[in-house]
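Q: What follows is a single structure, and I will ask about it in a moment.
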Amino acid sequence: MVQYLVILLDDTSVSFCHCDNGKKECRLIPLEILKKGILYGMKENLNIQFVYPDYELPQEYKDAIETIDHVNIASASAPVSADVVVMNGLEDVNIKEKAAYVIRMSKAELFSNTDKICGIIEKADRLNIVLTDIETFNADDFDSYKKCLKTLAGKLEEQYADGKSPQLNLLTDRMMLDKMNNCGAGDTNITLAPDGKFYVCPAFYYSDNGYDIGSLADGLDIKNSQLYKLDHAPLCRICDAYQCKRCVWLNRKTTLEVNTPSHEQCVVAHLERNASRDLLASIRKHGMFLPDKEIKEIDYLDPFDVRKKW
């Protein structure tokens, strides 16, 4: 059941996930479509998230946005107070306000800047790292990622030992979860674009080979909607890498099936899962922490490899 509506306010609205936004020409969502989108969200009792471009919106747009409770997603350079601040790379990182931070980066950027990420962990209450090239991971990258996660876990352990509780999506989310907490695109959330059409997520609008799933004029029309649901994902529904975003855009890009993740996405998620398990054990050396949570030991990194046993 749809619970969230993402509204892209412009063609150049910031990307906050795996997919880059290649659209360079500004095209503001028509005010009428914005108001109709807000009304749609109200009627359907949806939580609305507005995704901003990097320029100041006209006052009538700001007034329309303030007619409903919402979450603002914007880049660090956007002239708006954001609940979720998105940064591309580490060049302009400036943690200065109470917000959730998203850093989009390549694997190479992460591997070579792990110490900088540790510094950010000391300042941010919530940090999400989004890797933009997961599909290119190879065996050497998996080893590098494992080492990187170990370093980040060490910094988190220090913070928890000092009585602080920063959140890093790659490591702390799995410790808190007891069921899948995936992206939910096409299932629990949909996106409204400036063209007045609905999309599975922003990536399906930004990318050249994306497709719409209805419009404000004609209503929502998700073909084979069951494929976006967890219970129709044969591997994911019995997996316990609960923090994995199970990105349906990345699934489609790499396997041509929205409900089937790639080997790379699965291994990355399980490396995070296992590092979370180690972190949980390390934090407990400093005192009682999540006594009811347990992450069992496993002997695989890709559920596909043990599918017959399952």
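Q: Need one number: % antiparallel among DSSP beta bridges in the stretch 6-139, to the nearest 5. Walk me through the numbers before you get to the answer.
A: Numbers: 1 of 22 bridges.
The antiparallel proportion sits near 5 percent.
Q: What is the antiparallel percent of DSSP beta bridges lying wholly in the chain, to the nearest 5? Kindly include the intermediate steps, with their values, before the conclusion.
A: Details: 7 of 37 bridges.
In the chain, approximately 20 percent of DSSP beta bridges are antiparallel ones.
Q: If you don't mind, another one. Do you know the relative contact order of the stretch 1-78, to the nearest whole percent, from alpha carbon pairs under 8 angstrom that are 6+ apart?
A: On the way: 109 pairs, mean separation 29.4, N = 78.
Relative CO of the stretch 1-78 lands at 38 percent.
Q: If amide hydrogens are placed 1.01 Å from N in the peptide plane, which non-local residues have theirs closer than 5 Å to the one on Asn21?
A: The answer is Ser15.
Q: How big is the Cα convex hull of the stretch 1-94 in projection, averaged over all directions, in nm²? Before the final figure, lay out the partial values.
A: On the way: hull surface 26.3 nm².
The directionally averaged projection comes out at 6.6 nm².
Q: Related question: Computing the accessible area with a 1.4 Å probe over protein heavy atoms, can you report the carbon and sulfur percentage for the chain? The partial results should precede the final answer.
A: Numbers: 7220 of 15280 Å².
Answer for the chain: carbon and sulfur cover 47 percent of the accessible area.
Q: Ordering Glu257, Glu32 by how much accessible area each has at a 1.4 Å probe, largest first, what is the list? List each step's numbers first, then the result.
A: Working: Glu257 90, Glu32 120 Å².
Descending accessible area places them as Glu32, Glu257.
Q: For Lys308 paired with Ser215, estimate the spin-label separation in nm (one decimal), with each label point 7 Å from Cα along the Cα-to-Cβ line.
A: Using points 7 Å along Cα→Cβ, the separation is 5.1 nm.
Q: Stretched out fully, how many nm does the piece from Ile68 to Asp133 gain, at 0.36 nm a residue minus the Cα gap? Display every interim value, and only then the final one.
A: On the way: separation 65, 0.36 × 65 = 23.40 nm, distance 3.54 nm.
Here the answer is 19.9 nm.
Q: Taking Rh as the Kirkwood radius computed over C-alpha pairs, what is the Stokes-Einstein D of the chain at 10 °C in a medium of viscosity 1.306 mPa s, expressed in µm² per second?
A: On the way: Rh = 20.4 Å.
It comes out at roughly 78 µm²/s.
Q: Quick one: net charge around Gly22, please, counting Lys, Arg +1 and Asp, Glu -1 for every other residue with C-beta under 12 Å from its C-beta.
A: That sum, taken over residues with Cβ under 12 Å, equals -2.
Q: Please report the accessible area of Ser144 (heavy atoms, 1.4 Å probe, ligands and nucleic acids excluded) in Å², nearest 10.
A: 50
Q: Taking only protein heavy atoms into account and a 1.4 Å probe, give the accessible area per residue of the chain in Å².
A: Working: 15280 Å² over 310 residues.
I get 49 Å² per residue for the chain.
Q: Given the whole protein assembly as supplied and a 1.4 Å probe, what does the accessible area of Val14 come to in Å², nearest 10?
A: Val14 has an accessible surface of roughly 10 Å² with all protein chains in place.
Q: For the pair Asn94 and Lys150, how long in nm is the line joining their label points, each one 7 Å along Cα→Cβ?
A: 3.7
Q: Which net charge results when you count Lys and Arg as +1 and Asp and Glu as -1 among the other residues whose beta-carbon is under 11 Å from that of His263? Intermediate values should be presented prior to the final figure.
A: Numbers: positive: none; negative: Glu135, Glu264, Asp302, Asp305.
It works out to a net charge of -4.
Q: Express in Å², to the nearest 10, the accessible area of Phe16 obtained by rolling a 1.4 Å probe over the protein heavy atoms while all chains stay in place.
A: Its heavy atoms expose roughly 50 Å² to the probe.
The values are calculated or read from the model by the stated rules, or taken from the named source; none is laboratory data. Everything numeric in this text was worked out from a predicted model, so none of it was measured. Methodologically, a virtual Cβ is constructed for each residue, glycine included, from the backbone with ideal geometry; neighbour enumeration extends over all protein chains shown. Only protein heavy atoms, including side chains, enter the accessible area calculation; ligands, DNA and RNA are left aside. Shrake-Rupley method; radii C 1.70, N 1.55, O 1.52, S 1.80 Å.
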